[in-house]
Amino acid sequence: MTDDRYNILFEPVRIGPVTTKNRFYQVPHCCGMGHLRPQAHAAMREVKAQGGWGVVSTEEAEIHPSSDLSPYAEQRIWDEKDIPALRLMTDKVHNAGALAAIELAHNGSHAANLYTRIAPLGVSDMATDIGFTKQARGVNKKDIKQFRQWHRAAALRACEAGFDIVYVYAGHGMTLTQQFLLPELNQRTDEYGGSLENRVRLIRELIEDTKDAIGDRCAVAFRFAVDEIKGSDGLQAQEEGRAVVEMLAELPDLWDVNVSDWSNDSMTTRFQPDEGYQLPYTEFVKSVTTKPVVSVGKFTSPDLMASLIKKGVLDLIGAARPSIADPFLPNKIKENRIEEIRECIGCNICVASDNLGVSIRCTQNPTMGEEWRRGWHPEIIPLKRAPASVLVVGAGPAGLECALQLAKRGYEVTVSEAGSEPGGRVVAESALKGLAAWKRVIDIRVHQLKQLANVSLYTDSKLNSAEIREFAANHVVLATGSQWRTDGVGRSSREPVKGIASLNVLSPEDIMQGKLPEHGPLVVYDDDQVYLAGVLADHVAAGMSGTTVDIHFVTPASMVSPWTEHTLEQQRIQKSLLDAGVSIHTNQRVVAATGSEVTLCCTYTGNLTSLPCSTLVPVTERIPESELYDELVSGDVSVELIGDALAPGLIADAVFAGHLAAREFQQEKADGAEYRREMPSLAQD
């Protein structure tokens, strides 16, 4: 039974010629599947429709080979041959009771056309912003006419493929339409340049063309970034952003509004913890148009959602990342199961997947991207094949996920945790600056475990191999985690730092447990090059604010935390350290130490320099805690090693490992058949 406070969220909304059953709208988002993995893509969107989303959208769909985003796997609607793959998605979404939407896109100078080798197109002559191999040529009047024809033809194909909502897209700094709009990029002197009215002309023409072609069958949505978050250096919501909405107010059937670029629209909780953080930029839109408005902002609170609808701020609650973390979020609100919602932690592992060209994944939802490939469902797991008891040693992210899913399958599960509380590395890392939201990974799993009668969870219970054997469980899962090295061995060097014992060395675990150096200078040495060293340096700088301790960040990489480019936060991380007064030393390895300094070696020249240091925090590599496994595996115990204890990785990897172990227990598996593969067709054109 739905709580009366949330009934408004389940009202139907008319969008042009179509009607959505409720106000939950999964906005377009990339998934690393696109045109290369259509069956996996369709199954992923189908699960969201099953979860109660009234509208389920694809990611951006390239309308023409001159907008080729290779090597990134987005959707394509180049010609009729793309329609069958797209119809896979629309059929599945419709069968599950939702509307299907497609975001037509030409990426202009954002597309380098590395596959098609067509000269990139731009609003003016300019460098491409991905690929870095060539410049885009400024389109002429003939090109614009042709572009409008491409867009119209793609809209007709989208309608034929079964889509209910078709987008005109001007957002994220990625589309030719937005590039026409921005004076920074649009240097034209014809009727498509100069005044705002001229710069909006192409957008108006595309919306009108699309409505003329399919407006009686499909709704036409306009996705528009109202603010670039650049202040006076870019488009601002209360100036030209508002003026654009006023100019086009009643033209589209739906306004989908957000901020630009992608790093702002999908900002991590590390730098933007607030739910609904885009509202200060987008909330004016509903006062300007009578058409339905949807926007995003990591919405997970049904109270906030309902309030926004009642106040007339939004008509539809948009979501990308929350729909990934929990595809069944709408149904859980409808069924009054709010405490079961897996809240998005804003870590952007989903974004990183797309940037790496692999299928989407999620820290909170280990089934994301595995719906077709492995046949996983976020709410359904096969029941046990035979009665068995399982002992899970370690209550970190891998152990808790494994225990939870084993218990849901019906096994008798005991969890033994050596520490004073469950959570492992997640509890430790969530205590660092900006990462508090990460604790949701543990909170939801502990909460659900406490609801199950077939689970016992014990803390302060460190077991040795003899005690594990004495426990006599049918199966033992070791999720004992890993520990950071303190000798300096890492990605760039397989040798310990000479003389490191002469320094006061603090491990990452020491910092996470609240230990700060008593005096400086302090050196954080990052040869992990992922995210943790940057977080630790920022955390220490905040904790020692007001002191005179010098803090240095040293890394063999050419920037701070290079992996975080994939999560769209690298620039913010480096800026945060610089703002905190941290000295940054890139392209340098720590190779030796004395009691008062470290020796740095340039990664290019080999030149040696010295840096004052009394305390060193090496963030380099982890050692799996696998001793128990080594002692048990040779005996008669059925034992399995998972998560960081097997192969240290991201928290998302640990959660996935726990889920995989629970799914595979007592399941028969043929060699090489871990998952299905999508194979290219050999049919000739």
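Nothing in this text is a laboratory measurement; each read-out follows from the coordinates by a stated rule. This is a predicted model, so every value here is computed, not measured. Virtual Cβ from ideal backbone geometry, glycine too; neighbours counted across all protein chains shown.
Figures for the structure shown
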read-out: Stretchable slack from Asp79 to Gln571, in nm (0.36 nm times residue separation minus alpha-carbon distance); value: 173.3 nm
read-out: Cut-off 13 Å between beta-carbons: net charge of the residues surrounding Val505, Lys and Arg +1, Asp and Glu -1; value: -1
read-out: C-alpha long axis of helix 196-214 to longest principal axis of the chain, angle in °; value: 80
read-out: Nearest-ten-degree value, helix 570-579 long axis tilted from longest Cα axis of the chain; value: 70
read-out: Highest average packing first - 213-221, 23-31, Cβ atoms within 10 Å; value: 23-31, 213-221
read-out: Region 484-623, Cα convex hull volume normalised per residue, Å³; value: 99
read-out: Approximate spin-label separation Glu339-Ala127, in nm, with each point projected 7 Å along Cα-to-Cβ; value: 5.5
read-out: For region 4-356, Kirkwood radius (reciprocal of mean inverse C-alpha pair distance, Å); value: 20.0
read-out: Other-chain or far-sequence residues with amide H under 5 Å of Gly423's (modelled H); value: Ala395, Gly396
read-out: Mean Cβ count within 10 Å, highest first, over the residues of peptides 514-526, 398-410; value: 398-410, 514-526
read-out: Dipole in debye (nearest 20) - region 117-156, about Cα centre, beta carbon charges: Lys, Arg +1; Asp, Glu -1; value: 260
read-out: Summed residue charge, Cβ within 13 Å of Met126's Cβ, Lys/Arg positive, Asp/Glu negative; value: 0
read-out: Calculated P(r) tail over 27 Å for region 229-386, as whole % of Cα pairs; value: 34
read-out: Region 561-647 - convex hull of alpha carbons, volume per residue in Å³; value: 175
read-out: DSSP bridge pairs, the chain: antiparallel proportion in percent, nearest 5; value: 20
read-out: C-alpha center-to-center spacing [region 277-331, region 379-422] in angstrom; value: 36
read-out: The chain, helix-only ellipticity at 222 nm - DSSP H runs n ≥ 4, -39,500 (n - 2.57), divided by all residues, nearest 500; value: -8500 deg cm²/dmol
read-out: Cβ-derived FRET efficiency at R0 41 Å, Met679 paired with Lys141, nearest 0.05; value: 0.40
read-out: Coarse-grained scattering of region 31-99 at q = 0.12, 0.26 Å⁻¹, given as base-10 log I(q)/I(0) from a Debye sum over alpha-carbon atoms; value: -0.29, -1.11
read-out: Principal-axis tilt of helix 651-664 within the chain, Cα atoms, nearest 10 degrees; value: 80
read-out: Footprinting exposure proxy for Leu616, Leu314 (fewest neighbouring C-beta atoms within 10 Å first); value: Leu616, Leu314
